[in-house]
There are 2 protein chains.
Amino acid sequence: MGKPKILIKNLYEILQSEKFDCIRWTDNGRAFIIVDPEEFQKSIMPEYFYSTQIKSLYRQLNSYGFKMRSLEINQKMFSHKWFIQGNISSLYKVERQRTKSIAHLDKEKDSIVIMREEMKQLKEELETLQSQQNSILKQIRIHSIIQTYICKNIKKICDEQKKFNLEREQETRLVIYFTSMFEIFKGFQFEIASNIILQLKDIGGPQTPSFSPMIFPYM
Amino acid sequence: MGKPKILIKNLYEILQSEKFDCIRWTDNGRAFIIVDPEEFQKSIMPEYFYSTQIKSLYRQLNSYGFKMRSLEINQKMFSHKWFIQGNISSLYKVERQRTKSIAHLDKEKDSIVIMREEMKQLKEELETLQSQQNSILKQIRIHSIIQTYICKNIKKICDEQKKFNLEREQETRLVIYFTSMFEIFKGFQFEIASNIILQLKDIGGPQTPSFSPMIFPYM
DNA sequence: GGGAATATTCCC
DNA sequence: GGGAATATTCCC
């Protein structure tokens with residue numbers, strides 16, 4: 001339990017003391033009326049408050065959350081949820097209210113909290129990105145290795161092809177050789193010779209390579 | 001040009017008026033001394049200031065940046081860069097100083113603004129990174145497809161090669177066979193020779209493939 | 001009625 | 001000496 005603020009305590013005391021006619025509780029004790037502001041200012045304020053201006057008191061009451069109602073000319077009635085006759089134990093609840101400008105500061109603080117959250121999220125996203133990046137780099141390295149391997153093998157194939165083409169030429173030469181042999185065999189029965197030649201003709205492998213070189217981007 | 005604050009103006013007036021003995025300028029006019037604080041409080045404060053406590057005045061002067069020096073018991077000397085006898089035009093420069101706690105708040109605000117800026121930038125950078133990463137992933141996918149395609153084609157080539165090599169071996173063998181046959185059959189009757197040659201048609205070549213299939217990761 | 005500057009008091 | 005709560009004044 002806090003203590004009631006001085007202002008509130010003084011106000012309550014003034015109202016209770018019944019020494020003053022210029023201020024009084026309403027009948028139900030849930031509000032008070034400053035009946036004679038001028039008198040109040042003259043006789044009470046110098047004793048109980050710092051200020052000599054009753055307007056200052058109004059301002060104070062306002063900042064403590066009192067509701068003000070204007071009655072007859074110059075008479076004001078003030079009421080506050082926790083400022084009730086006989087209810088001393090709730091007086092401490094009558095507190096200054098935060099001004100909007102201060103509430104604004106609170107909002108700023110909230111926005112810092114939010115920003116911290118966002119920052120945390122950003123960091124996490126960044127970490128995700130970084131690890132993704134790492135795995136991408138690994139993938140690229142793998143692809144690079146595979147490509148090197150592919151290129152080597154293509155080279156092998158091409159060499160093989162080349163060698164083979166050379167051999168094939170030799171082969172052709174052999175055929176020519178054979179043919180000329182048959183020339184030599186002139187005088188032999190023609191059927192026999194032609195049979196041999198026919199045989200040789202079929203022995204030749206596929207003549208046109210079915211291999212057409214593809215275009216590889218990485219060579 | 002601003003106007004001097006009431007407190008400063010009053011203080012200067014009091015000092016200039018020479019009506020009061022309890023406060024006076026120093027000889028060089030760059031400071032003033034409250035010679036008799038009690039007298040000052042009693043006779044001057046009620047008229048010129050809100051407060052009746054001289055300590056409040058000290059507090060005020062402090063918050064306006066006056067330097068205080070204690071002289072003899074109870075005597076205080078105050079000085080301020082811009083509070084100089086005869087120099088009325090600089091009085092307006094004597095201003096309340098922001099309390100450290102408020103300056104601190106200002107710093108906080110500044111740092112929030114900076115943080116917001118940084119946050120915004122970070123977000124943008126992150127987005128750039130993410131979109132770049134996405135396009136990199138797409139590229140990798142394309143490369144992967146190309147590699148698969150390449151590998152498939154190499155396989156085709158290898159199969160072809162294999163098939164071809166088998167045939168070739170048969171061929172080569174036949175040629176060697178023939179050649180040696182002709183050597184052997186020299187002088188034999190041609191009918192016999194041709195019969196033997198017809199037999200050779202059925203001879204299967206060697207079965208072992210000279211080609212060892214490559215291992216491709218994407219097959 | 002209430003924001004904001006200034007003043008006062010309280011307190012370490 | 002100065003931070004911080006409270007009060008007062010000024011002003012829209």
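Please report, in debye to the nearest 20, how large the charge dipole of the range A:25-72 is about its Cα centre when each Lys and Arg carries +1 at its beta carbon and each Asp and Glu carries -1 there.
Using Cβ point charges on Lys, Arg, Asp and Glu, the range A:25-72 gives about 320 debye.
What is the average number of partner chain Cβ atoms found within 10 Å of a Cβ in B:145-155?
Mean partner-chain Cβ count within 10 Å for B:145-155: 3.
In the range B:6-100, if the dipole is taken from +1 on Lys/Arg beta carbons and -1 on Asp/Glu beta carbons about the Cα centre, which of B:Asn87, B:Ile34, B:Cys22 is farthest to the positive end?
Comparing the listed Cα positions along the dipole, B:Asn87 ranks first.
List B:Ile146, A:Ile142 from most exposed to least, where exposure is judged by having the fewest other Cβ atoms within 10 Å.
The order, fewest Cβ neighbours first, is A:Ile142, B:Ile146.
Obtain the nm distance between the two label points defined at A:Thr52 and B:Leu71 by a simple spin-label model: each point lies 7 Å from its Cα along the Cα-to-C-beta direction.
Between A:Thr52 and B:Leu71, the simple spin-label model gives 3.0 nm.
Need one number: nm distance between label points at A:Lys155 and B:Glu39, each 7 Å from Cα along Cα→Cβ, rounded to one decimal.
Result for the modelled spin labels: 11.0 nm.
Determine ³J(HN,Hα), in whole Hz, for all residues of the range A:45-57 in sequence, where each value follows from phi through the Karplus function 6.51 cos²θ - 1.76 cosθ + 1.60 and θ = phi - 60°; x replaces Gly and Pro.
Along the range A:45-57, the couplings run 4, x, 7, 9, 10, 5, 8, 10, 9, 5, 4, 5, 5 Hz.
Under a Cβ-only charge scheme (Lys and Arg +1, Asp and Glu -1), can you give me the dipole magnitude of the range B:6-100 about the Cα centre, in debye to the nearest 20?
Using Cβ point charges on Lys, Arg, Asp and Glu, the range B:6-100 gives about 680 debye.
Give the shape of the range A:1-52 as rounded, prolate or oblate, defined through the alpha-carbon gyration tensor: a ≥ b ≥ c are the square roots of its eigenvalues, a/c under 1.5 means rounded, and otherwise the shape is prolate if a/b is larger than b/c and oblate if not.
Verdict is oblate for the range A:1-52.
Copy-to-copy spacing for B:Asn153, label 7 Å out on the Cα-to-C-beta vector, in nm, shortest first?
1.4
Taking the Cα centroid of the range A:141-163 and of the range B:108-174, what is the distance between the two, rounded to the nearest whole Å?
About 18 Å separates the Cα centre of the range A:141-163 from the one of the range B:108-174.
Taking the label point as lying 7 angstrom from Cα along the Cα-to-Cβ axis, what are the distances from A:Glu95 to the corresponding position in the remaining copies, in ascending order and in nanometres?
Inter-copy label distances (nm, one decimal, shortest first): 3.4.
I'd like the FRET efficiency for B:Lys138 and A:Leu129, computed as 1/(1 + (r/R0)^6) with the beta carbon distance as r and R0 of 22 Å, rounded to 0.05.
Plugging the Cβ-Cβ distance into 1/(1 + (r/R0)^6) gives 0.85.
Since every read-out is calculated from the coordinates, none of them should be taken as a lab result. These figures come from a predicted structure and were not determined experimentally. FYI the Cβ positions are ideal-geometry reconstructions off the backbone, even for glycines, and counts take in every protein chain you see.
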